[in-house]
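Data first, discussion second: the structure below is written as structure tokens.
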């Protein structure tokens, strides 16, 4: 009788006896993500489910990430198959207004320039000993575009998914802190004060409808492996601009996006198991992710300076910083910083153009990387 | 007379200046919202506000005159 009671009592303590230091550290990290999301409003829609997922998966013996476990089921169904990030892209497309970009298409170049940090970081990661697929996944953090980073990483380095996603989303929320010092450092007083003429809406409804279709066909022919990403974002945008499928547009940007965000966040959190996450490479990924975003900002600004020169001072280089994706955060930073230096400076709409260009740029950058890896016989 | 124009498409949130008020250059005349961001619309020159042509909640674009300063 006593033995049975003791065995039962031991059963109750099994969880505690299997708790390791690693689990405890991860519980604290999960709590920290929740704190950042809830208390400081850093990307709460993602950090809250990610943080809670990280806590759930580090409870000993709970088995949520074992075969048949609920989080493993979400992960296998949505992340491994790449369905979750692609559905998020439909929602992003439905929410994005490409008008500022269409009003001033040359600003797309800033969106392209804002992706060069990705490639520099890739080389840096290779030099630090990461494999090619891992380096691509780390470099893509610089796109400052969570779903793209998740899509590429789930395809090539799923074991890094937790670290890459946490880095991508943490830095996305820190864009207002990361970018301003770089913007200040790299532009002259004269450049900071360039006042840009207001963006006037002259793009026709027909152009807005044709844009997602033409952009999909053109970019997909150039980089076919990026078709799922570009196709989904442009599908969402077509739902918005066509004006005839309001229900689908609303479902894409609200119901579907909300459900998928929850499941994606939980699945990402679930990859943060102590034995996989607590490694020196996670720390390196966090550092490299920061480098990638800083370099992208630098390249966007430098290209902005070049455009300022080429247009004889008609473009304020500060909008170059919005060439990284991080939509619409980076555009807001450009507006805030522009008005800090010159109260009469209203850069928001111009920066939105660069920012949406950055979204296209980050998807193209991912597509190019996927093609290069395919060429190398990987993936 | 100097017209204070809305800098972009959006919606007026508050009008800060009053008719007859003397404003400095770069002083906020009104606050608008665009892309879920608050934007200060400032006086391009110093002077006296002689006319306010917008009200809170009103949609504006770059052709909208917000106020007139003399």
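Worth pointing out:
To keep it simple, each residue is scored yes or no on (1) closer than 30 Å to residue B:25 by Cα; (2) in contact (Cβ under 8 Å) with a residue 12 or more places away in the chain; (3) surrounded by fewer than 24 Cβ atoms within 10 Å (Cβ to Cβ).
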residue: A:282; (1), (2), (3): no, yes, yes
residue: A:311; (1), (2), (3): yes, no, yes
residue: A:316; (1), (2), (3): yes, yes, no
residue: A:321; (1), (2), (3): yes, yes, no
residue: A:352; (1), (2), (3): yes, yes, no
residue: A:367; (1), (2), (3): no, yes, yes
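- Residue A:32 vs. criteria over 18 Å from the mean Cα position of the chain (by Cα) and in a loop (DSSP other than H, G, I, E, B): no
- Matching residues in the stretch B:45-63 - criterion: being assigned to a loop (DSSP other than H, G, I, E, B) and buried (at least 19 other Cβ atoms within 10 Å of the Cβ): B:54
Okay, residues lined up against (1) assigned to a helix (DSSP H, G or I); (2) farther than 21 Å from residue A:169 by Cα; (3) at pLDDT 90 or above:
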| site | (1), (2), (3) |
| --- | --- |
| A:302 | yes, yes, yes |
| A:325 | no, no, no |
| A:339 | yes, yes, yes |
| A:343 | no, yes, yes |
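- The residues on offer are A:280, A:256, A:285, and the sole one that is under 16 Å from the mean Cα position of the chain (by Cα) and either farther than 30 Å from residue A:197 by Cβ or at pLDDT 95 or above (or both) is A:285.
- Condition met for residue A:272 (under 29 Å from residue A:138 (Cβ atoms), out of contact with any strand residue (DSSP E or B) (no Cβ under 7 Å at 6 or more places or on another chain) and not in a helix (DSSP H, G or I)): yes
- Index of the failed condition, residue A:352 passing every other in (1) part of a helix (DSSP H, G or I); (2) within 12 Å of another protein chain (Cβ to nearest Cβ); (3) within 23 Å of residue A:137 (Cα to Cα): (3)
- Considering (1) within 12 Å of chain A (Cβ to nearest Cβ); (2) surrounded by 13 or more Cβ atoms within 10 Å (Cβ to Cβ); (3) more than 21 Å from residue A:338 (Cα to Cα), the lone condition that residue B:69 does not fulfil carries the number (1).
- Tally of residues being within 10 Å of another protein chain (Cβ to nearest Cβ) and outside any strand (DSSP E or B) across the stretch B:4-44: 11
- Within the stretch A:323-349, considering residues that are touching a strand residue (DSSP E or B) at 6+ places or on another chain (Cβ under 7 Å) and touching a residue at least 40 places away in the same chain (Cβ under 8 Å), the one nearest to the other protein chains (Cβ to nearest Cβ): A:346
Here's the yes/no breakdown for (1) touching a residue at least 24 places away in the same chain (Cβ under 8 Å); (2) in a helix (DSSP H, G or I); (3) in contact with a helix residue (DSSP H, G or I) (Cβ under 7 Å, 6 or more places away or on another chain):
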| site | (1), (2), (3) |
| --- | --- |
| A:4 | no, yes, no |
| A:46 | yes, yes, yes |
| A:67 | no, no, no |
| A:86 | yes, yes, yes |
| A:92 | yes, yes, yes |
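The values are calculated or read from the model by the stated rules, or taken from the named source; none is laboratory data. Source: prediction; values computed, not measured. Quick reminder, even Gly has a Cβ in these numbers, built from the backbone with ideal geometry, and neighbours come from all protein chains shown.
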